[in-house]
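Read the structure below first, then the notes.
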Amino acid sequence: MRTLYVVTHPEATHHVEGVVGGWHDSQLTPAGVRAAVSTARALRSQVPDGAEVELFSSDLRRTLRTAEEVAELFGVKPNLDRRLREKSYGQAGGRPQEWLDRRFIPPPAVGERMEHDEGVEGAETKAACARRIYAAMDEILQRPCAHQIIVTHGGSLTFVVASWIRMPIESAGYASFRAPSGSITTLREDDFFHNRQVVDLGDTRHLDSTKAD
C-alpha cells in the first residue's frame, strides 16, 4: 500500500498583498506558519509510528517553510525539487493581480489549451508546467517508500493529481483539482488491484483551530 499526502502551502504574503504568486518567492504569513504547524501535526497523526517517510517540496520559501514544520515532526530532511513549483507567470510574478488580469488571455473553450499563450511575457504554458510536475512525480513514484509527503502549490496540485491517476498530459487541458491553501490531499494505491484512489481532496479540517485563533 502506497500513500501520498500532498500539502498545498498555507497563507503566504502574496495572498494578503494581492500580488501574483507563481515563481515570485513570497513567504508564509504568521497565520500561514501557524497553519503549517497544524498541517504537520495532522500528518503526524495519520502516518503510523515507525513508518518510513519521505518528504519532497518545492524550493520556494513558502513551501520550504511548510516542509520544515513537517520535517521536524518526522525527523527527515525535505528533498527540494524546483519542478514542484507553481506555474510561472513570467514578468507578472510579484506584480499586482490586476496588472495580470488586464493582460491575461484565457484559454479557448475548445481547441488547443495546453500550449495556449496567455499573453504574458515569460509565462509558462500549462503544457510546460505539466511536463515538469509529471517528471517529478515519475521519479517520486519510482521510489519504494510507502508513505510520501509532497509540499507544493495550489495550482500545481492539479498536475500532481492528474499524474497520479495517469491522465495523459495531452488530455489535461480541462483538468482542475482545486484545494484551499494549507490543505492535505490523500492519494492511495492498493497492493492488489493497484488502483490509484483520490481518498481526500483538499482536506482542511486540521485548520479549524488556527481559524479560531
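The table for this structure:
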item	result
Yes/no for Arg41 being surrounded by fewer than 17 Cβ atoms within 10 Å (Cβ to Cβ) and assigned to a helix (DSSP H, G or I)	yes
Subset of segment 20-30 that is open to solvent by less than 40 Å² (accessible area, probe 1.4 Å) and touching a Ser or Thr at 6+ places or on another chain (Cβ under 8 Å) - its residue that is nearest to Arg85 (Cα to Cα)	Gly22
Filter pass, His24 being under 20 Å from Gly202 (Cα atoms) and touching a residue at least 24 places away in the same chain (Cβ under 8 Å)	no
Residue under evaluation Arg34, criteria (1) in contact (Cβ under 8 Å) with a residue 40 or more places away in the chain; (2) in contact with a helix residue (DSSP H, G or I) (Cβ under 7 Å, 6 or more places away or on another chain); (3) open to solvent by 40 Å² or more (accessible area, probe 1.4 Å); (4) closer than 27 Å to Cys145 by Cβ, criterion not met	(4)
Wholly within segment 106-213, helices (runs of 4 or more DSSP H) carrying at least 2 residues that are under 26 Å from Glu52 (Cα atoms) and either at pLDDT 95 or above or open to solvent by 30 Å² or more (accessible area, probe 1.4 Å) (or both)	126-142, 154-164
Conditions (1) of a type outside the set (S, T, N, Q); (2) under 19 Å from His9 (Cα atoms); (3) touching a strand residue (DSSP E or B) at 6+ places or on another chain (Cβ under 6 Å); number of the one not met by Gly90	(2)
Index of the failed condition, Leu43 passing every other in (1) free of Cβ contacts under 8 Å to residues at least 40 places away in the same chain; (2) more than 30 Å from Ala92 (Cβ to Cβ)	(1)
All positions within segment 138-168 that are closer than 28 Å to Ser26 by Cβ, over 13 Å from the mean Cα position of the chain (by Cα) and of a type in the set (A, V, I, L, M)	Ile140
Every pair of residues 6+ apart whose Cβ atoms lie under 8 Å, when the first sits in segment 104-132 and is of a type in the set (S, T, N, Q) while the second is at pLDDT 95 or above and not in a helix (DSSP H, G or I)	Thr125/Met114; Thr125/Glu115; Thr125/His116; Thr125/Asp117; Thr125/Glu118
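The values are calculated or read from the model by the stated rules, or taken from the named source; none is laboratory data. Being a predicted model, the structure only gives us computed values, none of them experimental. Positions of Cβ are backbone-derived with ideal geometry, glycine not excepted, and every protein chain shown enters the neighbour counts. These accessible areas exclude ligands, DNA and RNA; they are computed on the full protein's heavy atoms, side chains included. Shrake-Rupley method; radii C 1.70, N 1.55, O 1.52, S 1.80 Å.
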